[in-house]
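Here the structure is laid out as structure tokens; the discussion comes afterwards.
The values are calculated or read from the model by the stated rules, or taken from the named source; none is laboratory data. Here the structure is a predicted model, which means the values were calculated and not measured. Please note: Cβ atoms are built from the backbone with ideal geometry, for glycine as well, and neighbour counts cover all protein chains shown. Surface accessibility is based on the protein's heavy atoms, side chains included, excluding ligands, DNA and RNA. Shrake-Rupley method; radii C 1.70, N 1.55, O 1.52, S 1.80 Å.
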Amino acid sequence: MGTKVPGPRSAPAPSPDPAAALKRRARRENLAGYLFMSPWIAGFLLLTAGPMIASLYFAFTDYNLFDAPKWIGLANFEEMFADPRWRHSVSVTLWYVVIGTPLKLLLALGVALLLAQKRRGQGFYRAAFYAPSLIGASVSVAIVWKAIFSDDGPVDKAQRTFFGVDVGGWIGDPQWILYALVGLTVWQFGAPMVIFLAGLKQVPRELYEAAEVDGAGPWRRFWSITLPMISPVLFFNILLETIHSFQIFASAYIVGGGAGGSACGPADGSLVYTCYLYVQGFENSRMGLASAMAWMLLVAVALVTAVLFWSQKRWVHYEEGAR
């Protein structure tokens, strides 16, 4: 009987490389993520990054929207710094920020402290106080606000009736119109109020109970417990509202009078920075100068933001590991 010779054995199938499989899966997931993000990326490049780069170029040119831009170097910035009206717009804006932002945050914190206590109809009060933040930036509210503070308006009549003061309407007086704008921004305290309320809810009740046992009164508990515990929320609101105040435009433009010679209020009483920027860019067709003004505003806001972040080390108290 013959011996059967075995044939050659087939080589075993190579085992898949786990690392390579993970890399392929990661590439597929990244590709899917970029596909979903592509509308946002395209919008950012076309509507944000592109216009920003273009405005930076226009800031060094003489550009009037109709003719091709001509490179003039730093001439726009030199003219801007020498313009007394530009300096006036800076002072008006700083006054608005320094006065309006603290008043808005103080009112928001005060109302948040009241709403943090359990009471009937709490949901209704929260919604009622928050509503102005939703509609306050609209054109219609600015028009109504202008009518309220105009000559012979409700505020003017109330002043004459109850206080015997006749200023002829806040809107028509360059010394009073900015107070009307401050009142409008303070009235929109709902958004920071909700943020304060969320921060107050996170303060442990045990701290207040221990302070009461030690004999601490309401003011002592507020300064020693409430403020330190909500300092991160306070910092966030200060940062957000300060940046927002620098960007005020619609309400100042509409209350000030809109298009025309009094676009920024009587005698430039409400000449905030963005209003003057709009006048130079779109009413005077000096887009190069307006672009230079816009970049100066960006630099100013960045510096203020940097100062706020630097100062937080001295008064903002974070939980350990949360910074």
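Worth pointing out:
- Scanning region 77-125 for residues that are open to solvent by 40 Å² or more (accessible area, probe 1.4 Å), part of a loop (DSSP other than H, G, I, E, B) and under 24 Å from ILE238 (Cα atoms) gives a single hit, GLN117.
- Some residue of region 271-283 being within 19 Å of SER89 (Cβ to Cβ), outside any helix (DSSP H, G or I) and under 20 Å from the mean Cα position of the chain (by Cα): yes
- Count - residues of region 142-169 that are in a helix (DSSP H, G or I) and either free of Cβ contacts under 8 Å to residues at least 12 places away in the same chain or not assigned by TED's automatic domain parsing to the domain that holds ALA250 (or both): 11
- The condition of being open to solvent by less than 40 Å² (accessible area, probe 1.4 Å), under 20 Å from the mean Cα position of the chain (by Cα), of a type in the set (Ser, Thr, Tyr) and modelled with pLDDT of 85 or more holds for only one of THR242, THR226, that being THR242.
- Test: residue in region 131-139 that is in contact with a helix residue (DSSP H, G or I) (Cβ under 6 Å, 6 or more places away or on another chain), surrounded by 13 or more Cβ atoms within 10 Å (Cβ to Cβ) and not aromatic (Phe, Trp, Tyr): yes
- Boolean, THR305 is over 19 Å from ARG85 (Cα atoms), in the same structural domain as ILE143 (by TED's automatic domain parsing), of a type in the set (Ser, Thr, Tyr) and more than 19 Å from the chain's Cα centre (by Cα): no
- Test for LYS70: is it open to solvent by less than 60 Å² (accessible area, probe 1.4 Å) and among the basic types (Lys, Arg): no
- From SER291, SER285, SER311, residue being surrounded by 12 or more Cβ atoms within 10 Å (Cβ to Cβ) and on the phi > 0 side of the Ramachandran plot: SER285
- Enumeration of residues in region 63-73 that are within 20 Å of ASN284 (Cβ to Cβ) and assigned to a loop (DSSP other than H, G, I, E, B): TYR63, ASN64, LEU65, PHE66, ASP67, ALA68, PRO69, ILE72
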